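For reference, the structure is listed below as structure tokens.
The values are calculated or read from the model by the stated rules, or taken from the named source; none is laboratory data. For clarity, every value in this text was computed on a predicted model and none was experimentally measured. Neighbour counts run over all protein chains shown; Cβ positions are idealised from the backbone, glycine included.
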Amino acid sequence: MTDNPLYISILWHMHQPYYRDPSTGIYRLPWVRLHGTKDYLDMAEILADFPNIKCTFNFTPSLLEQIIDYTENNSKDHHLLHTLKKASELVLEEKLFILENFFLANWETMIKPFPRYYELLVKRGLHLIKTELFRTLKNFTVGDFLDLQVLFNLCWTDPLFREKDPFLKMLVEKGKDYTEEDKHILISKQLLLLKKIIPKYREMVNKGQIELSLSPFYHPILPLLCDTNSARIAMPNVNLPQKRFSQPEDARKQIRMGIDYFEKLFGYRPTGMWPSEGSVSEEVLRIASSEGIKWIGTDEDVLSISISKQLRDASRNIIEPDILYKPYIFENVSIIFRDHNLSDLIGFVYSQWDLKRAAEDFINKLLQLSFSIPKDKPHLLSIILDGENAWEYYKNDGLDFLRYLYEGLSKENRLKTVTVSEYLSQHDKGEQLNMLHSGSWINANYGIWIGHEEDNTAWDYLTDARNALQAFQEANPDRDMSKAWKSIYIAEGSDWNWWYGDEHITDNQNDFDELFRMNLMKIYREIGKNIPEQLFISVHREDRSIPPSVTIRGFIEPNIDGIVTGYYEWYQAAHMDIKISGGSMHKAESIFSSLYYGFNKNTFFIRIDPTIPFVELPADTKLSINFLKPSQVKIIVSIKPILKAELLINKDDTWVKSKDIHNVAIQDIFEIGIPFNDLMAKENNEMILFVSIIKNGEEMERCPWRGCIILNVPTPHFESLMWQ
């Protein structure tokens, strides 16, 4: 058995969007710098302590370019400029910026470990109400702002370095009452950490412990650059942009620019690539192959569709390990398909566990899988995930988990970590794949980046700008338009559309929207054309219908008792996954976990599943179900000390109680049934609503976060029509 270990390839993907403001040269957001001091260097430092463990690290060239811009060109971001300003000289606008932005860190794992930092957060207010910041400002002293400037940057400096470096350790122990000198030395320490990143990875490559791979330069969705219509392969009914974008030469350019830049930094041309968001297609593989790429990675669901075979059962247990855990080859490019479940355990689940037990559980899962695989030939299990954003959810920034994991793997001779190229060269380049599905790591499609009204608007703006630049370049072939083309390639990045649509939100959403539009504006300035008026308007659309994950399929008759009585009780209802978080991963946290809604011919029903038990919510927490159409009605549900639901009607801009709602229950879940008559809703009327959580009279959270639920009141024949 030990002669045939299960080979494990772990790929950590490192990426940040291109944050540089094209008009000022200042970075709008600080995440390259702060992830640089918290994640990029320590990931290599931790691994170096376990020389028998091998990993692959994937960097986007745009991230590397920005790191170098900080270290060699003395570039700054707005948060850094607000840090360097003397606290005693801060003006009103700068103070407001700090109060709004210097608590952008995980409260549990990054702010609460610093008592003074959490004290300042409470002082500002746990729920940010921008209109209240002026009043809050009066309570903050110069010393408060100075401590906040230091603690924000200190919490984004990795615990590994805070422990190793005597000065950083002193700052942690000091805890408060920092000086301007403390602050400036801290920032100089941050810069030194940034300068060590690229040399450290170069050193570990030379030792043979890691492999470096890359993504296309500015992280575009390559298949959509080749042809936006390719979205219909996985989503036949998707709404496409009005204008087709089809520029395979841009896909090639993004790959080639990335390889060239990588070679400039590291002295050799990489052979591996994690295409942005694991997005692949047959055309992309042909381009990658012609550019010298020897292997790529993507998700197991892409393999499942490509070979028309289910790899997991209904409980997500792997049923075809021999098929998944090996490389394939298409167009002379080897393909590894990541284990989605195992990758997500590290990315989204284990942060909430005891970390030693989490590492042991992960290794045990690997061992169980090794027992299920034939031993007559080698097998490769691939773990691929974000190498930066997960750790803020872990205690000690993931340091303890990674040490337990690497230590456990080092001791286990039935498992052997390898770099991707090492396995391919020593064992197996892959089984021939006859066709390759066009999709990404999320649902094996491109729904995050195309199809929504906002996504499609962005694609149309991009198409217009690129067409204008192409026409100008053809008319002026000798003009150097490299700055304009760079803005096109930046605007082709996937990150802008990640934040458009309804799937993800961030505190910095407006920054992403503005950066996208500003790069397009720069193109028109470079070619001397008037900037189209629409580029001065946000792409975001606030008033619109938010489609559920699962639509209503028939009448429901739930037992309103506050518990999940049976699987089929809400089976025919619409279901919405709630994704409300300031984080950047495809995962989110909220008081709401899921929302279901449905009806029979007389009654409208809502169910809410919480992420924490309702009994743990503060006593003054209320639910508000708000109907905007066909009449303005809202239902206020008091949760404690006793459950009470009141229906109110808006009469002349005054909310008047109409009646109590008795068909309501709250235990494990919240359930309520409201007669359509009480909502003054008749057959075929359009209903528009949203649900909020209210505390002290203020909205704390809303579902959907932007927009509303929109549906029509059913006719008695609704179910028969659904079956036609």
Requiring at least 2 residues that are of a type in the set (A, V, I, L, M), the helices (runs of 4 or more DSSP H) wholly within the stretch 447-527 are 453-475, 482-491, 509-526
Filter the stretch 699-712 for residues that are crowded, with 17+ Cβ neighbours inside 10 Å and touching an Asp or Glu at 6+ places or on another chain (Cβ under 9 Å); which is modelled with the lowest pLDDT? 706
Number of the condition not met by residue 696 [criteria: (1) touching an Asp or Glu at 6+ places or on another chain (Cβ under 7 Å); (2) within 19 Å of residue 606 (Cα to Cα); (3) at pLDDT below 95]: (2)
Taking the stretch 168-203 as the region of interest, how many residues are basic (Lys, Arg) and farther than 30 Å from residue 270 by Cα? 5
Would you check if there is a residue in the stretch 459-471 being crowded, with 24+ Cβ neighbours inside 10 Å, of a type in the set (Val, Ile, Thr) and within 28 Å of the chain's Cα centre (by Cα)? no
With the checklist (1) at pLDDT 95 or above; (2) surrounded by 16 or more Cβ atoms within 10 Å (Cβ to Cβ) in hand, flag the one item residue 410 doesn't pass. (2)
Test residue 457 against the stated conditions and say whether it is at pLDDT 95 or above and outside the structural domain of residue 493 (by TED's automatic domain parsing). no
Take the residues in the stretch 329-364 that are in a loop (DSSP other than H, G, I, E, B) and without any contact (Cβ under 8 Å) to a residue 12 or more places away in the chain; name whichever of them is nearest to residue 301 (Cα to Cα). 353
Could we say that residue 51 is outside the structural domain of residue 510 (by TED's automatic domain parsing), closer than 27 Å to residue 383 by Cβ, out of contact with any Asp or Glu (no Cβ under 8 Å at 6 or more places or on another chain) and modelled with pLDDT of 95 or more here? yes
Taking the criterion of being in a loop (DSSP other than H, G, I, E, B) and of a type outside the set (Val, Ile, Thr), would at least one residue in the stretch 413-425 satisfy it? yes
Cβ-Cβ under 6 Å, sequence separation 6+ or interchain: first residue in the stretch 420-440 and under 12 Å from residue 305 (Cα atoms), partner at pLDDT 95 or above and of a type in the set (S, T, N, Q). Which pairs? 435/306; 436/306; 437/306; 438/230; 438/281; 439/445; 440/279
Among the numbered criteria (1) in a helix (DSSP H, G or I); (2) in contact with a helix residue (DSSP H, G or I) (Cβ under 7 Å, 6 or more places away or on another chain), which one does residue 34 miss? (2)
The stretch 507-532: number of residues that are under 23 Å from residue 100 (Cα atoms) and touching a helix residue (DSSP H, G or I) at 6+ places or on another chain (Cβ under 6 Å): 3
Qualifying positions in the stretch 365-400 - in a helix (DSSP H, G or I) and of a type in the set (Ser, Thr, Tyr): 370, 393
Among the residues of the stretch 335-349, is there at least one that is of a type outside the set (A, V, I, L, M) and more than 25 Å from residue 222 (Cα to Cα)? yes
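Here's the yes/no breakdown for (1) assigned to a helix (DSSP H, G or I); (2) among the aromatic types (Phe, Trp, Tyr):
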residue	(1), (2)
113	no, no
116	yes, no
119	yes, no
122	yes, no
133	yes, no
136	yes, no
145	yes, yes
